[in-house]
Amino acid sequence: MVPTAPGFGQFEALFGSRDGGRSWSAAGAGLPVPIHIGDLVTAPPAAATGTQARPSLALYLSTDQGVFTAEPGQSWQPLAEGLEDLTVHSLAVDPATGTLYAGTERAGGLFSFTPPPP
């Protein structure tokens, strides 16, 4: 994924590649524009972690408007459950449990979310 920036820190588009960068396509469906992107992390399918949290690869994007999630090729959906501060700078995923951790600018600083079973 590569964001394109018209100005300082604000992004107009997000692009993704499925062939190692030989070709690129728009990957920002569902995201508000403009948006400031902080971090992008992936979470492996549930089979790879031994949990029942998710059947396929998940993408998580931290932004100045909260966290968004998508499966490859799908539209981004907001994931703001429990977030007291939508300015999220960093993300991390625990591969053993699928728990997503979000580091925010203020309001407690660290939040966690464990996806429900399918």
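Data overview
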| item | result |
| --- | --- |
| Distance between modelled label sites at ASP39 and GLU81, nm, 7 Å Cα→Cβ extension | 2.0 |
| Inter-label distance for SER23 and SER90, nm, one decimal - labels placed 7 Å from Cα along Cα-to-Cβ | 3.7 |
| Environment charge at ALA102 (Cβ cut-off 10 Å; Lys +1, Arg +1, Asp -1, Glu -1) | -2 |
| Residue-normalised accessible area of segment 58-118, given per residue in Å² at a 1.4 Å probe | 51 |
| For peptides 68-75, 20-27, sequence by mean Cβ density within 10 Å, most packed first | 68-75, 20-27 |
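The values are calculated or read from the model by the stated rules, or taken from the named source; none is laboratory data. Predicted model, so just to flag it, every value in this text is computed and none were measured. Ideal geometry is used to build each Cβ from the backbone, glycine not excepted, and the neighbour counts take in all protein chains shown. Protein only, heavy atoms only, side chains kept; ligands, DNA and RNA dropped before computing areas. Shrake-Rupley method; radii C 1.70, N 1.55, O 1.52, S 1.80 Å.
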